[in-house]
Structures are given as C-alpha cells and as structure tokens.
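**Q** My questions all concern the structure below.
FYI, it's all coordinate maths here, none of it is from the lab. Since we're looking at a predicted model, the values are computed, not measured. Cβ coordinates were reconstructed from backbone atoms using ideal geometry, including for glycine residues, and neighbour counts include every protein chain displayed.
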Amino acid sequence: MKKLFCLVWVSFLVCTASLHAFTIKATYDSSVTSLTNAAQIESAFAAAVATFQSLYTNNATINITVYWGPGGPFTNGINLSRSFLTVFGTSYPQITNALFMSRASAADTNSVASLPATDPTGGGPWWMPRAQIKVLGLPISGVSPNDSVNDGAVGFTSNAVYALDPANRAVAGEYDFIGAAQHEISEVLGRITLGLQTNVGFLPFDLFRFTNNAARSFDPNANNAYFSVDNGATALNFYYTNANLGDIQDWKSGITPDAYDAFVPEGVVLPISTVDIATLDVLGYNGPGLAAPRLAAGKLSNGSFQIGFVGTPGTMFTVLASTNLTLPTSNWAIVGTATEGAPGQFQFIDSSPAASQRFYQVRSQ
C-alpha cells in the first residue's frame, strides 16, 4: 500500500490576506457576441482573466476588447491569437524610478537593483504600454489607474478549433483557448517588445533581456537571449529568436508547453509558470505571490495513486516522488506534472509500480 505524504515547495512568498483591486474588464466585440458559442468563449476568457486577478493586486482597471476573426485592429489576419495595445512615450529615468517605487517581491527588488544608472541603450526612445502606466501610476496626461479608456485588444482566429471548457483544456485537435488568451493578455499588460522588434525604440520588458551575466542585449537577432531578474546571472527562460516568424518576447518552445511560448501545439494545456508570473512581477504587477498547494484528496485506484490538491489557478506544478523521505530534494524523482481541471483544482495520477511506501512532493515551476 502506498502512503501519501505531501510536502510543499513554493518558489514565491507564502500568500497572505490582501484586498484585490486589480481588475481586467473585457468588452466583447460583435464578432464574438454574434457567435452561437459566444457564451462559452466569454466564459473561457473570464477564466483566463481570473488568473491574473488572483495573482496581482495593483489598484488598476485594465480595459481589453476581445475580437473573433480579422476585425478591429486585426484586419490583416490572425494566426492563432494576437494582441494590440497602446503605448506612450516615456524616458529611462521615469521607467526606472517607477519600477523602483513598485518593488514588492524578491524578483522585482533584485531586478531593479541591477538596472544601470544611465540609459543602457544610449538614448532610447522609450515607450510604455498604457496598462503598465496605470499600474505604475505614471503621471501621463489622459491616463489614470481606473479610467474606462481601452488599453488594448485581444483577437482570436476563426480558423482554429479551441478547447473552451475550463475543466477540460487538453482536447485532441484543439488549442487551449485559456492559455492563448493569457498569452495575449500578458502582452497587453506589458510582456512585449514591439519597439525592439520593429526598431522604433524600447519598452520596459527589454531591460530584462540578457545574453550573459551582466550583459543586457538589445539586439533583436541575438540567438541566445534569455529572461533574467538577477542581472543575467540566472537564465530563467530563453526567448524565441526569429523576429521574422514570431514574437521575440515569447519563450522558445520547450519540452513542457507554456502559455507564453511563441508556438504551441494542439491537445495540451498551456499553463502559466512561476517564471511567467515573474515577467509581470518585474514590470510592476505586484501581488501576494503563490499560495502553497493544499492537499485535497489521495486515493488508490486500479493500482495507481491519485493526488488531488488546490493551488493558484494557472500555475504549473511538478510532482516528485521518493521511497526515502530523508533524501535531499535533488535526489527525488520527477514523476510528472499535475493537470488543472476546474480553476485551482489540480490532479496527478501516479501509475508507476507499487511500492510499500512512497512520498510525494509538489512544487511550482
């Protein structure tokens, strides 16, 4: 008989009670509301929005219009999903001062501490997304944290089949709609490098792009650029590299699919990882951090062992196992990743050969 012993390893601070004031208000274009499955699309988009609202607590309201097919700002077409946003001119000192004042976690404290005293680009120009201006509270005329002006748009192609059920996101032959929506929403919020990619200047996210320790890179063609919050000492994830085919602020696709990857497959969940969360964290989006996973159930079924637990919606959780509780974590075996059904409800089934005793550890990635 397998015994359950659930440990917790969380990469961020333990969650504390906090008043959530961060709101993403979606307005659906007629291209969405006229669809026969409009209610399903709106419900799935609301689930994507809920993840950001649970992760960040800034006092700001972000207004996003949702489109279906080549309409609005997407008349030249959509591959799978696209974003559109408004940017305003700013300056390097204004950006660094605002980021310094918004520090609220180890990630953004370390990232701000490593920013150069003078503009590393030699003069910019610098731009900032309207949504990020709201969050940071920059004194830009016509922008206030909770105004009702549109901050951006998200569009979805009408030529793909999407998995719209929040409780069943991995459907063969269908794309994870919630993951795609979170990808584009994060770009409206500021996880974007439009200026660098189009050679018209720089955006704050460009400041966390490195090719080596202490070596920031503003070359859109760099083939080894990575995201780092500690002045390049640690590569948290590598960027996609071909500016002619995709967005270079997205991740290079790896073994484990991610909501922020440049290219994604069908039939899989596209989760938000803790590295994804850090991208907005260093841009000024602050929150209580990740809540520790909480065991909900454990049972044997057909020779397999099933773990159910509750955690922050949209988080990627890895499950490790060992028959020896005293072993250091580095020696535990990774046995898989948990799947999320309903938002925040996770499950993992271990179908490996039975052991007289087995311990499990759940950690966020």
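**Q** Once R0 is set to 25 Å, what does the formula 1/(1 + (r/R0)^6) return for the Cβ-Cβ distance between Asn331 and Asn302, expressed as a FRET efficiency to the nearest 0.05?
**A** FRET efficiency, Asn331 to Asn302: 0.30.
**Q** Rounded to the nearest 5, what is the percent of antiparallel bridges among the DSSP beta bridges in the chain? Don't skip to the end; give the middle numbers.
**A** Values: 41 of 62 bridges.
Bridges in the chain are about 65 percent antiparallel.
**Q** Using a Förster distance of 30 angstrom, determine the FRET efficiency expected from the C-beta separation of Ser144 and Thr118, and round it to 0.05.
**A** 0.50
**Q** Under 16 Å from a point placed 7 Å out from the Cα of Asn199 along the Cα-to-Cβ direction: which residues of the stretch 221-244 have their backbone N that close?
**A** 221-222, 243-244
**Q** Extending each Cα 7 Å along its Cβ direction at Ser253 and Gln94, get the distance between those two points in nm, one decimal.
**A** Placing both labels 7 Å along Cα→Cβ, they lie 3.9 nm apart.
**Q** In addition: Between Arg294 and Lys25, what's the calculated FRET efficiency when r is the beta-carbon distance and R0 is 35 Å? Round to 0.05.
**A** Calculated transfer efficiency: 0.70.
**Q** Then there is this: Rounded to the nearest 10 degrees, what's the angle between the helix 38-55 long axis and the longest principal axis of the chain, both from Cα atoms, 0 to 90?
**A** Once rounded, one gets 90 degrees.
**Q** While we're looking at this one, here's another question. Need the full-extension length gain, Thr234 to Ala46, defined as separation in residues times 0.36 nm minus the C-alpha distance. One decimal, nm.
**A** Between Thr234 and Ala46, full extension yields 64.3 nm more.
**Q** Just the number, please: percent antiparallel of the DSSP beta bridges in the stretch 68-214, rounded to the nearest 5.
**A** Numbers: 9 of 13 bridges.
For the stretch 68-214, the DSSP antiparallel bridge percentage is about 70.
**Q** Per 0.36 nm of contour for each residue apart, how much would the distance between Asn37 and Met101 grow if the chain were fully extended, relative to their Cα-Cα spacing?
**A** 18.7 nm
**Q** I would also like to ask the following. Going highest first, how would you order 155-161, 245-251, 75-81 by mean Cβ packing within 10 Å?
**A** Numbers: 155-161: 17.1, 245-251: 20.3, 75-81: 14.3.
Taking the mean over residues of other Cβ atoms within 10 Å, the ranking is 245-251, 155-161, 75-81.
**Q** Out of Asn244, Asn286, Asn231, any idea which swings most in a Gaussian network model of the chain, alpha carbons joined below 10 Å?
**A** Asn244
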